[in-house]
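Read-outs: derived from the displayed coordinates by stated rules, not from any lab. Quick caveat, the model's predicted, so the values are computed rather than measured. Glycine gets a Cβ as well: all are built from the backbone with ideal geometry, and neighbour counts include every protein chain shown.
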Amino acid sequence: MLFFGTVRRFNLQLLLCALLAGMILPTAAQAQVPLEDGDIDPNFTPSDGLRPLQQTTSLLSIPGGQRLLDEASQAVGNQNYDLAAQRLQEARQVFNQLSNFYQQLSSTFSGIDNRMSESHRRNALNTAQLRDQATYQLALVHRAQNKPDLSVPLLIQIVRSQNPTTELGKKAYQQLFELGFVETPFPRPPQ
């Protein structure tokens, strides 16, 4: 009898443990269910409060492109034109990508949310302006390196992008005139 009583008590304890484990484990397992693709974790908040692409260390950001422009400016000041050309080319690429991405977002939201579309369109224009400024600076660096043949396509890109009536477009066309690529100044002098 003693043997059966001990087994019974042992079985009862096992049953009780199994019941408790059954009540606890499902809750713990539910807490660790991974998120599906596309799910947003409502409890996620960046620990530092910063958005990664708004930091100057990010290459795909306006501050990152501006950092490259600043490095190019310093290199020009030190007459290190090779480094300046490299940084300006990198800045052009960053701003061009940003402009294209914002333009894609703008057209995606067009007709769905016009305020969002307009906001992205403004960002596309702003980053295109920064791209054209970096392009103009790169053309000037090529001129300083005595490589005018590298300046011409850049200056033409600016005139096309900016329009020859804008300030930057006029300056780019003036450079083309000074290089001898075009024969007629713009705006034309009165006759």
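Both radii were evaluated on the Cα set of segment 57-179; the Rg over Rh quotient, with Rh as the Kirkwood radius, amounts to 1.04. Site pair Gln145 and Asp70 shows an inter-label distance of 2.4 nm when each label is modelled 7 Å from Cα along Cα→Cβ. Simple rule: put +1 on each Lys or Arg Cβ and -1 on each Asp or Glu Cβ in segment 57-179, find the dipole, and look at Ser99, Gln74, Asn146; the Cα lying farthest toward the positive end is Ser99. Counting Lys and Arg as +1 and Asp and Glu as -1 over every other residue whose Cβ lies under 9 Å from the Cβ of Ala75, the net charge comes to -1.
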